[in-house]
Amino acid sequence: MVLVLVILLPFLLAVLVSFARMRASTVGTISALAMLTLFIISLLQLSSVTVLGASSLNIPWIPEIGLTLSIYVDGLALLFVLLITGIGVAVMFYAGQYFEDGRTAARFLALLLAFTGSMLALVLAGNVLTLFIAWEATSIISFLLIGFYGGDSAARRGASQALVITGGGGLALLVGLLLMGSAGGSLQIADLLANGDVLRAHPWYTAMVILILIGCFSKSAQFPLHFWLPGAMSAPTPASAFLHSATMVKAGIYLLARLSPALGDTLLWTTVLPVFGIITLLMGAVLALRQRDLKAILAYSTISQLGAFVALIGLPNGEGLKAAFVGILAHGLYKCALFLIAGAIDHATGTRDILLLGGLRRSMPGFALVTLFAGLSMAGVPPLFGFVAKELLIEAAEIDPLALIIVVLSAAFTVTVALRLFWDVFVRPGAPHDGVELHLHKLPRLMVIGPALLAVTSVVTGIGVGPLITPLIEPALGKPTSLYLFPPGGINLAFVLSMTALAVGIAVFLTRGWWLAWRLPTLTSGTQIYAGIIRAVEGLGDLLLTSQGGKIRYYLTAILTAVVLLLTIAIVRILPFEIQAIELKNASDVLKAVLLGLALVSTGASILFERHLLAALSLGVAGYAIGGIFLLEPAPDVALVQFLVETLATVLIILILARTSPEERQQAISKLWGQTRWGLMRDLTIATALGCAMTIFALAAVNSRPTPNSIAGWHLENALPQVGVNDVVAAIVTDFRGTDTLIEITVFGIASLGVLTLLARPKPGKVTRFRLRLRHPVRSMQIEPSGETEPDLPMIYRSRFADPVTQLAALLVLPFSFVIALAHIAYAGVAPGDGFTAGAIIGLGITLWFVVFGYQETKARLRWLHPTSLIGAGISVALINAALPLVFGREFLAFTQVADIYVADIKIASTLLFEVGICLTVFGGVSTIMEAISHPQEAEPL
Amino acid sequence: MNTLFALATGLMFGMGIFQLLRRDLIKSAMGFYILFTSINFLFLAVGAYDGVIAPYVDANNQTSSQPSDPLVQALILTAIVISFGSYALLLGLIAVSSRRFRTLDSDRIDQLKG
């Protein structure tokens, strides 16, 4: 459907514009032309909608939650589309003239175009969820536009205030819409409109309506959620003109009008809407009188008019809808024009203070003329469009005398404001303030075209309101209607009243010297309440923050205590259970028990030893004992890995000990070992509690362990047939649970890269790239003796261990380690040892080199070693190997025998490739870690 | 035997937690490693078989005697490698922070203090 294009085109253009490198005026003109195209397209849709009625387009997205991308086009939607695109033409063209810098203009227009797209999506939405998404999108883009000049703190405050209010209202709206969807049985707007009776009779009706009203009131700046709109005036004027007078604030009005067939005509609706609307109408009109900032005047008068629309929509039987629609059009036209002119004045003179301005008709005659017509439309003077709107408003208000009085009074004040805008700015001689003359900046000549276009439209649509506007309003109302400039039956009450309002307004204007000087008591404004609430919330946050002690141990204690509590609750449920007796059946079991005891004692010793080196070594002993247990299990593959990794871990911690300052370690040992008794008790308690909980958990797990007919049996039976290896563990690692292994080596690679990043960052200030340094280590490694380097660091890069015996050992070990690794990979499937052990063995060889020769010399002599590339190569090989079966039409990681090749009794199969990949990754990872630790350069201390 | 392993799990876990709560950062890291190791015991404990020989099948897909559970072995293998990677990263962090804050006392590193 062509309207999908209408919605998508602004977004597309926004992306293109954001990369534009053109002059501001060019960007503006292009955007304006795009808007014009959309306007014409939508206009052409009008006839089909008039004849065929509403139509919709549905694309299912997430059917389970009822989210469908749907467009619902009827008269109301088209009315708004035409309003948005039509006013968009003028605003975008003006924006091109307003900004001087092309980049700023491009950024602004991209946002404005994105906003237009969101707004169009909102009014054309056929599903309440897509409507809500578009609603929130407009809020966010409005935030970005208000805070466009990010350096200005007032702009930032205004932007966040607007976002909080409209966003909070949006949340209420979401709940309300979901309630409505649930009550009405569908999230599609077409269905909901048809189910009006069901909704009105539903018990959730009140909640639904109140929530939706909160959302609409926040968006359309109704009392009491109106105060964000004057604060939003920090936006660049084209944004204020477009968003905050013509389109975004009317989103709430649109939604109310859209939902009024479904939710309207109940006591709640016809009471709340008119009441709040009337209050807003009067309040806005009154507050607009005494403002000094031009944009604030316009903002308050916008609030006032929006109140009128809300009140009109709330009238029973849809009586006020005609007045509302006409009013929306008229208001959009004149208000936008006035905003654009305010922007031009600001641009030209540098101020928007109405008390300082004056006499501009000589220097800005075109603008003066445009202001005249826009002001006449605002005041409701025939034959302009605003007059028609005002007549309709007064006619609709005739049902209630109080409402009528308020409407007439507000109309009068609006007249005053309009007169002030024209007279005080353009005609009255300027009042030089403190002797400072207004500096007049030359404006681009085409700047006046935007507002002029809107003003001319006000005039033309006023004179030709019958033929021009009726075809727009009729499809929106759904019934034939007539619009006229002068009532056919002659002068009626509405005409009399509007003339009265005009007269009163002029009178108030003429006496403005008197009431402008009144000193009124300042009441608490909404903004102050809002700021107070924000301060209270921040204060609460600060209060909670004082509970943070900052010490890691306290956090750990809190977490572990919670874990103990949760485990206790879980354990209490499973008690009591059976515990198997401890029996040592044969010699192997006895040996296992002995080794277990050794492991536990060593671990205990590592706790009790004060010196770090001894603790590390005893931990190593424990690890080897555990390796022995694995050997006795019997689990030779695991035992191998355990021995190798334990060696690596012990080497690792000893090297790290070398990297930390000995004074700090000494201090740690001496001061920290003697803990306070209370602290010790606390730690012991938590440890004991968790240990007991863990024991019970483990005993319970043992109790419910799988029977021999478990998946383990399946693995044993299927290793040879399916994978072709004798070693079941290797089969599981490389094939049955191959994805586990793939992810594991990736994690290992990432961890080692993390260590590299932490420990081996180049010194700040040196621009040499890290990779280059590694390729030419001897030449470019300049270790300047600075005051900050610790004196014991030289041990690392001028190794103390480099005497001939150790050097010979290192030289011999490395090639042998390669041979052993190759053997492990080749015979991975038939004997203990696999890719892990191969990689770890070579890694150990490299570690020996780093320890014996030191970083510089190792890098110099082992030119072929690029650890980080090895990690990448390894993971790539593993991934390619995993993806290879896809080529043969099988699944990812399925076993493939590449060919029935036997090379020296070794099968070339996917397991072999996987083992190679694992070896490379582990090798690369270990080398990276060791290289990082032995690297002489480290992060600078702060 | 499995009960013994289960008890050992709990004991080692408790020791690991105790170490984790030390003020000395290096000891704390060692406690972290002890925790990882204790879980390997848990895996051993819940193995399905009391194995006599290693899980290798011969050419006829037979085993001469009861093999040990291969699945837990594969899991332990993965766990060991991952624990080493985490250990290395943790020690790297401690090395860097000891240089940055000039202390190995975790109580002195309290930048999160409110």
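For A:L384, what charge total do you get from the other residues with a beta carbon under 15 Å from its beta carbon, if Lys and Arg give +1 and Asp and Glu give -1?
Here the charged neighbours net out to +1.
When the accessible area of chain A is computed with all protein chains present and a 1.4 Å probe, what percentage of it is carbon and sulfur?
70
Roll a 1.4 Å probe over the protein chains and send me the accessible area per residue for the protein assembly as shown in Å².
Counting only protein heavy atoms, the per-residue value for the protein assembly as shown is 41 Å².
Would you mind telling me the antiparallel percentage of the DSSP bridges in the protein assembly as shown, rounded to 5?
Around 95 percent of the beta bridges assigned by DSSP in the protein assembly as shown are antiparallel ones.
What percentage of the solvent-accessible surface of segment B:32-72, computed with a 1.4 Å probe over protein heavy atoms, is contributed by carbon and sulfur atoms?
Roughly 58 percent, rounded to a whole number.
In deg cm²/dmol, rounded to 500, what helix-only [θ] at 222 nm does chain A give when every DSSP H run of at least 4 residues adds -39500 (n - 2.57) and the total is split over its residues?
-23500 deg cm²/dmol
State to the nearest 20 debye the size of the charge dipole of chain B about its Cα centre, where the only charges are +1 on K and R beta carbons and -1 on D and E beta carbons.
800
Summarise the partner chain shielding of A:834-843 as one whole number: the mean count of Cβ atoms from other chains within 10 Å of each residue's Cβ.
1
Compute accessible area for segment A:681-705 by itself and then with all protein chains, 1.4 Å probe, and report residues whose area falls by 30 Å² or more.
When all protein chains are present, A:D683, A:A687, A:L690, A:M694, A:T695, A:A698, A:L699, A:V702, A:R705 each give up 30 Å² or more of accessible surface.
Read phi for every residue in segment A:496-508 and hand back ³J(HN,Hα) as whole Hz from Karplus 6.51 cos²θ - 1.76 cosθ + 1.60, θ = phi - 60°, with x for Gly and Pro.
Calculated HN-Hα couplings, in order: 4, 5, 5, 5, 4, 4, 4, 5, 4, x, 5, 4, 4 Hz.
Not counting the cut sites, what is the longest span of chain A without GluC sites (Glu not before Pro) that DSSP labels loop and that have at most 16 other Cβ atoms within 10 Å?
In short, A:101-318.
Scanning chain A for chymotrypsin sites (Phe, Trp or Tyr not before Pro) in DSSP loops with at most 15 other Cβ atoms within 10 Å, what's the longest stretch left with none?
Segment A:205-483 is the longest.
Using 7 Å Cα-to-Cβ label points, what is the A:F19/B:D107 separation (nm, one decimal)?
Between A:F19 and B:D107, the simple spin-label model gives 5.9 nm.
Got a sec to turn the phi values of segment A:712-717 into Karplus ³J(HN,Hα) couplings, 6.51 cos²θ - 1.76 cosθ + 1.60 with θ = phi - 60°, whole Hz, x for Gly and Pro?
3J(HN,Hα) across segment A:712-717, in whole Hz: 4, x, 4, 4, 4, 6.
So what are the ³J(HN,Hα) numbers for segment A:821-838, from phi and the Karplus equation (6.51, -1.76, 1.60; θ = phi - 60°), rounded to whole Hz, Gly and Pro as x?
Rounded to whole hertz, the list is 4, 4, 4, 4, 5, 5, 9, 4, x, 10, 9, x, x, 8, x, 4, 5, 4.
Other chains near A:716-728: what is the mean number of their Cβ atoms within 10 Å of each residue's Cβ?
4
Just to be sure I understand: if you take the accessible area of chain A alone plus chain B alone and subtract the pair, with a 1.4 Å probe, what total do you get in Å², rounded to 100?
Roughly 9300 Å².
Would you mind checking A:K295/A:K322; A:K335/A:K442; A:K250/A:K322; A:K859/B:K27; A:K219/A:K479; A:K219/A:K335 for any pair whose Cα atoms are more than 22 angstrom apart?
A:K295/A:K322; A:K335/A:K442; A:K859/B:K27; A:K219/A:K479
Measure off 7 Å from each Cα along the Cα-to-Cβ vector at A:D197 and A:T481, then give the distance between these two points in nanometres to one decimal.
In this crude label model, A:D197 to A:T481 measures out at 2.5 nm.
What is the set of long-range amide H partners of A:I908 at a cut-off below 5 Å, with H atoms built 1.01 Å from backbone N?
Sorted by chain and number, the residues that satisfy this are A:I901, A:V903.
With Cβ to Cβ distances under 12 Å as the rule, what net charge do the other residues near A:C216 carry (K, R +1; D, E -1)?
Every neighbour counted, the sum reads +3.
The values are calculated or read from the model by the stated rules, or taken from the named source; none is laboratory data. Every value quoted in this text rests on a predicted model; they were computed, and no experiment measured them. Every residue, glycine as well, gets a Cβ built from its backbone with ideal geometry; the counts of neighbours run over all protein chains shown. Areas reflect the complete protein model, heavy atoms only, side chains present, ligands, DNA and RNA absent. Shrake-Rupley method; radii C 1.70, N 1.55, O 1.52, S 1.80 Å.
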